[in-house]
Structure formats: structure tokens, C-alpha cells
Amino acid sequence: MTDVASRIAANRGAIVRNQAFWGVIAIVLLLAINVIKDPGYLAIGYNDETGHLSGNLIDILRASAPILMIAVGMCLVVATSGIDLSVGSIMVVAGAVSMELLRGMDGTAGNAALTLAIALGIATALGAVNGILVSVVGLQPFISTLVMMLAGRGIAKVITGGQNTTADNDSFAWLANGYVVGIPVVFLLSMAIVALVWVLVRRSALGLMLEAIGMDSRASRLAGVKRRSLQLTVYSASGLLAGVAGVFATASVMTVDVSRTGYQLELDAILAVVIGGTSLAGGKFSIGGAVIGGLLIATLDKTVVFLGVPASATPAFKAIVIVVLCLLQSERVRNLFRNRRALRAQSQKEVVPA
Amino acid sequence: MTVTTRPPTGSAPGPASSRPSLSDRLGARLSALPTVAALLIFVGMIIYGEAAYGRIVQFNTLSNLLVNNSHLIILAVGLTFVILTGGIDLSVGAVIAFSSVAGVMLSNAGWHPVAAVLVMVLIGSALGLVSGVLIQYFGVQPFIATLATMFLARGLASMLSTVPERLADDSAIRDLAAQLKIVDGDKVNDLVITPGVIAAIVIVVVGFTVLHRTRFGRTVYAIGGSEQSATLMGLPVTATKLGIYVISGTLAGIAAVVYTSRLGSAQNITGIGWELDAIAAVVIGGTLLTGGTGFVLGSVVGALVLGLMNVLITRDGGIRPEMTTIITGGILLVFVILQRVLAARRRGEQA
């Protein structure tokens, strides 16, 4: 125990400078505000009959699942110094496909699995289109994914005929509303997927290769990194994860709202990634940071509703946070801090010999 | 036109010769090729529309094309400046939403219409300045900075109101969409323009002059050719780059005035996807997304191509309106890919 404490003390500077640490602080602060408003906020109830846990914390975990999915996908794309603006639209396409399919089917588990496979397949294909445009055709990532962002919502409207389709399938709804050992399935699934992605990129050289592309795409090619296939993989993966997020988001209400599902969620994904300390300039990424960022956003959304603050103000607030974090990442501001730190160190040195 | 307005390329100037070499002239042709293609597409669409649906080549259709797309033309002129330097402005649609909602609310709150319009334009300038400062002083990539401004403007608009805000019927701002008859045709077939159209034409002329006839314009092209070379040549790169984002924001503010006066209402979801339309107009008009080559008049043609496409889709009736963004996106992609093919071929010729 003391060993851990001393190690923490030794690395205090590194921890404080880690942006994800500030994300955790922000989550704790938000929860503290909620506790002040209602001392019972953190209480977790247990239902003896169903064996489900309930409470605000569980709600936050449930709400964070779609954000975690798109944040992790965005994190990988940003590592290659790209961006995926289409995650929200791919979500709505996946939702529209699954609702349209389920509407005409019996509510069996087999149909739910089939629908899931088709919806995720289409989401991956849309991501792959982004990937081909970026890697093979060589378009700037924001242009290809901007087209997909706006066309994707059009595709979803074409699929549902402009309607908000509703369907019934208990197995499909279980994905979002079910419980395993008292914890929402949707959160367990998202954590499992995050862990899988983490193992894939951090327990192999994959993550390093992605960062190499983000740092210097030419140098990485000379070093033998297969840029094209990796970029294609990353954008497809982002599409697949967005598809999962879309399924989560629609399965909880079994309705797809073609103009609202996933709307502006690319803002949340980018914010989560930036909060986690991933630089939008590419070249480094932190999946753990993105998870903390996603949890923070879910906590923020729930807090805003709980406190009764008008929810219309949150997007502007989130945008300002993005701007501030971008400023903190910029060279000019970093130099400013570095100079001040250097000055302080200098003045201390001058004092010591005297 | 293409010869007199040919922008300076980023390559080192050759020995001063009075006659351009063959490869130079070929280069000029190649850079103008997409613009010519856009013009041909426009003419082709008119001919096809006239043959298939009729009533295209007549005064009221053509003046409606101008009236309904004047805001897009204004946006496209602003974005031409930005894209010529190799930057991008994704915030224009959201700026229009914030600016028009704010303008309508101020006007309904009893503000003088001139003051309300001025605030609408200045909101655009201010948001453009924010993007410019982020990009130029803090080294944020243009698409990230303008994406942040886009979310910010959209968020601010939602804070003001989430329901359609109707402009009062007697508001003087509506007069900006008053139809002025130029040619009185039979029945409804009149050639009309609105103050909004006049504003668009003035902005096109001013944009053309600034870009092709002034030092500022030359600097814009030089930055697009190679920012490093432009800096080494002692050109005012910082002020120019800041300037173009302010110009783009200001023109978005003016576009908001023109659009709001025509529609008579504003909402926080106004202008979703207009950044794509404006980028598509600029790219269809022959401006390279990587910067350095392009024409203001090309962007106008691009905007008209998109406008005419909407008219044809409406006339056809067989294509659902939801398909419009998909088609616009598809056209944009085709043109960007065309640009890359041309650029690759030119590199091949130089090598």
C-alpha cells in the first residue's frame, strides 16, 4: 500500500499533467454537485425480484455505452491524424436498417441476430467507403467523412421512407435494456468491446503503426507500415463501432428517429477523444482516456437534466470545452507554460546559492 | 479570361519571357478544365431540362434560380477565398443559423432593422475571426477549428431558440426580398430580381476584383501555392489568412440576411449541410481543394449547377428530396477525384 502511495507521489507531476486525470476530477466534481442537490444521488438500489441494480450511476453507465463505442472508433481514426465526421450518420443508418428489417419479421432471437449482422455489415461497409476514399483515392479525411455525414442521414431517410420506424423484438431490445448479474448488458458489451480493441491495438504493434501513420505518413511508409490497408481497417472499424452504437441507441426505445438519432454525436465523440488526451493532430492516442471522456460526457448530460439546466445549452458548452482543449494542445500555449515553468525553475536556482 | 486571371503557381518563376511556354499554356488549360466542364454541365442541364420538362429557358425559372440561390452564391464566394489558401470553413451553415435566429429575435424585440442586419453580419465576422485566430495563432488545423466554431454557432443558436422564429410581417428586413420587375413578360413570366440577388452580384464582382486584381488576392493564391514560399517572399501571410476567415464569416452573415429576408423565419436547424453545398459549388467550379488554383466565377457556376439540379429534381418528381444530399455528395466526390486525376497527370508531365 505504501509502495503504491510512494509511487503515486513520485509520479505526481506526470499524473497531474495527464489530461485523463482531469477528466476523472471533472466526473467526481459533477457527481459531487449532484450529491449536493440530492444526498441520495449515488445510492444504488437492488431489486430482489429481478436482481437488477438501479440508480443514477447505473443510468449513467447505460447512457455512456453508445458514446464509448463511437469515441473508441474516433480515437483510432484520430491516431492516424484523420477524423470521422460520419459516426452519427452511420449510427442512424444502422438503426434505420435494423428497425426496417425487424418490422417485417417475427420477434425471434434468430431474426434479431440476423438483423444485427446485416445492420453492422452495412455500417462497416459505409466505414469502408470512407476508408477507400481516404486511403486509395487519397482524399482529405474530413471531406470524405463530411460527405458521408450528410449523405448518411439521407440514406437513412431513404431506407425508412422519411418515417420514424418502430419495431418489436424482445431479444433485440434486450441488448439495450437487459441485465446480466444486475448490470446493464449494454454497458458490459461496450466494456468488452473496448477491452477487445485495447488488446488488439496495445498488445500488438498495431497501435504503434497507427501512431506512426499519424506522426508522419511518409516516414511510416518508408519504415514498412502498410498505410493503405491500415487506414482502410481503421475507418471500417470506426464504421462498425458506430453501427454498434446505433443499435444500442435504437434498441433501447425500438424506434429510429431519422433526424435525431445520432444527431451531432460526432461532437461527443471528438470531445471524448480530446478530453482523454488524444491530440487531434494525430500521432498518439489513449483508449483509456477516450473511455474516461465518454463517461464524463454521459455524466455531464445526465447532470444537466438532473439539475434542470436547459439542455439546449450543452452543445455550445461542449464546443467551448473543445476549443479550450485545442488551445491547451497548441504549441503556442504549451510554450507559454513551459517558459513560465523554466523561469520559475531559474529563479529558484538563483535563490538557492544565496 | 483564363489567361489574364491565371494565378501565380507555387513553382519558381522561370526566366522572364514574353511568351508563355507550351507547358505553361497547357497548365493553364488544365487548371481551367474543371471550370469549363462545370459550364458545359450547366448548359447541358438547361438543354436537358428544357427538352425533358420544358419551361426552363424562360424568365421566371431563371430568375427564380438566382433568387433561390443568392445565399449559396454568397457563401460560395467566401469559401472560394478560404479553399484557395488550402483551408476550409465548415462553420458557414451553423453561422447562418445563429446569425439568422439572433437577427429575427432582435428585430422582433423592437430593434431597428438596420441595426439587426448589422448585428447579423457582425456575428458572422466575429465567428470567422474566432476560427481565424484559432488557426493562425494557435496552429489548430482549419477543419478542426471551423468544426469547433460550427458546433459553437449551432449550440448558441439552440440556446437562443429551438422553434421557428417568425419575422414580423411588417419588418423592414422582409423588404430585402421584395421582387423588382425588370422585364414584364406575359402572365407570371417576369424577369425579377431582389435586393438579395443584387447583393450577391455585387459580392461576386467585388470578390472577383479583390481576388484577381489586388495584392490581397495575389497573396491568397500564393499561400495556396505554397505557404512557406509565400512567407519567405515576405508576403503578409498571417494577416491574409486571418482576413479570409473573417471574409468567409462575414459573407456567411450576409447570406443569413439574404436567406432570412426571403424565408421570413429562422430556426436553429437552418443551414444544416449548407457547408457541403458551398464546398461542392466551389469544387464543381474548378477550385482545387488543396488550394492555389481556382476562380470566383467558377464557384458561381458551381452554385448555379447545384441550384438547377434542385429545380430538375423537383420537376422530375421521381427522385425523392431526401436523395438531394446524397446526389450533391456524389457530385462533390466525382469532382474531387477528377481534380486528383488531373493533378497526378500534371505532376507526371512535369517530371
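It is to be established whether one or more residues within the stretch B:276-294 are farther than 17 Å from B:Pro34 by Cβ, out of contact with any strand residue (DSSP E or B) (no Cβ under 8 Å at 6 or more places or on another chain) and not aliphatic (A, V, I, L, M). Yes, the stretch B:276-294 contains at least one residue that is farther than 17 Å from B:Pro34 by Cβ, out of contact with any strand residue (DSSP E or B) (no Cβ under 8 Å at 6 or more places or on another chain) and not aliphatic (A, V, I, L, M). Here the stretch B:123-156 is the region considered, the condition is being among the β-branched types (Val, Ile, Thr) and in a helix (DSSP H, G or I), and the residue that is farthest from the other protein chains (Cβ to nearest Cβ) is B:Ile123.
If you go through the stretch A:95-117 and pick out every residue that is farther than 15 Å from A:Val244 by Cβ and surrounded by fewer than 19 Cβ atoms within 10 Å (Cβ to Cβ), you end up with 10. When B:Val246, B:Val283 are screened for being under 12 Å from B:Thr80 (Cα atoms), under 16 Å from the mean Cα position of the chain (by Cα) and among the β-branched types (Val, Ile, Thr), only B:Val283 passes. Residues that are away from every other protein chain (no Cβ under 14 Å) and polar (S, T, N, Q) within the stretch B:84-118 comprise B:Thr85, B:Ser99, B:Ser100, B:Ser107, B:Asn108, listed in sequence order. Consider the stretch A:141-176 and keep the residues that are surrounded by fewer than 18 Cβ atoms within 10 Å (Cβ to Cβ) and not in a helix (DSSP H, G or I). The one that is nearest to the other protein chains (Cβ to nearest Cβ) is A:Gly162.
Quick one: is A:Val199 more than 16 Å from the chain's Cα centre (by Cα) and either farther than 26 Å from A:Ile155 by Cβ or in a helix (DSSP H, G or I) (or both)? Answer is yes for this residue.
Could you say whether any residue in the stretch A:292-311 is under 24 Å from A:Val194 (Cα atoms) and of a type in the set (Ser, Thr, Tyr)? Within the stretch A:292-311, one or more residues are under 24 Å from A:Val194 (Cα atoms) and of a type in the set (Ser, Thr, Tyr). Does B:Gly291 satisfy being small (Gly, Ala, Ser), crowded, with 22+ Cβ neighbours inside 10 Å, touching a residue at least 60 places away in the same chain (Cβ under 8 Å) and within 13 Å of chain A (Cβ to nearest Cβ)? For B:Gly291, the condition - small (Gly, Ala, Ser), crowded, with 22+ Cβ neighbours inside 10 Å, touching a residue at least 60 places away in the same chain (Cβ under 8 Å) and within 13 Å of chain A (Cβ to nearest Cβ) - is met. Being assigned to a helix (DSSP H, G or I), out of contact with any Lys or Arg (no Cβ under 6 Å at 6 or more places or on another chain), within 29 Å of A:Leu208 (Cβ to Cβ) and not small (Gly, Ala, Ser) holds for only one residue in A:Leu336, A:Leu280, A:Leu300, A:Leu295, and it is A:Leu295.
Results for (1) buried (at least 20 other Cβ atoms within 10 Å of the Cβ); (2) more than 9 Å from chain A (Cβ to nearest Cβ); (3) part of a helix (DSSP H, G or I), shown as yes or no for each residue.
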{"site": "B:Gly302", "(1), (2), (3)": "yes, yes, yes"}
{"site": "B:Gly307", "(1), (2), (3)": "yes, yes, yes"}
{"site": "B:Leu312", "(1), (2), (3)": "no, yes, yes"}
{"site": "B:Gly318", "(1), (2), (3)": "no, yes, no"}
{"site": "B:Gly329", "(1), (2), (3)": "yes, no, yes"}
{"site": "B:Arg346", "(1), (2), (3)": "no, yes, yes"}
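Taking B:Gly264 as the residue in question, decide whether it is out of contact with any His (no Cβ under 7 Å at 6 or more places or on another chain), crowded, with 24+ Cβ neighbours inside 10 Å and either of a type in the set (Val, Ile, Thr) or at pLDDT 85 or above (or both). No. May I ask you to list the residues in the stretch A:256-277 that are part of a loop (DSSP other than H, G, I, E, B), within 11 Å of chain B (Cβ to nearest Cβ) and either buried (at least 24 other Cβ atoms within 10 Å of the Cβ) or in contact with a Cys (Cβ under 7 Å, 6 or more places away or on another chain) (or both)? The one that is part of a loop (DSSP other than H, G, I, E, B), within 11 Å of chain B (Cβ to nearest Cβ) and either buried (at least 24 other Cβ atoms within 10 Å of the Cβ) or in contact with a Cys (Cβ under 7 Å, 6 or more places away or on another chain) (or both): A:Val258. Residue-level check: of (1) away from chain A (no Cβ under 14 Å); (2) at pLDDT below 90; (3) buried (at least 17 other Cβ atoms within 10 Å of the Cβ); (4) in a helix (DSSP H, G or I), B:Ala200 misses just (2).
Checked against (1) of a type outside the set (Asp, Glu); (2) part of a helix (DSSP H, G or I); (3) within 14 Å of chain B (Cβ to nearest Cβ); (4) surrounded by fewer than 24 Cβ atoms within 10 Å (Cβ to Cβ), A:Leu208 passes all but condition (3). The sole residue among A:Gly138, A:Gly121 that is in a helix (DSSP H, G or I), surrounded by fewer than 24 Cβ atoms within 10 Å (Cβ to Cβ) and not hydroxyl-bearing (Ser, Thr, Tyr) is A:Gly121.
For the stretch B:33-79, the set of residues classified as over 19 Å from B:Gly286 (Cα atoms), small (Gly, Ala, Ser) and buried (at least 18 other Cβ atoms within 10 Å of the Cβ) consists of B:Gly49, B:Ser63, B:Ser70, listed by residue number.
The values are calculated or read from the model by the stated rules, or taken from the named source; none is laboratory data. Keep in mind that this is a model prediction, so the values were computed, not measured. Positions of Cβ are backbone-derived with ideal geometry, glycine not excepted, and every protein chain shown enters the neighbour counts.
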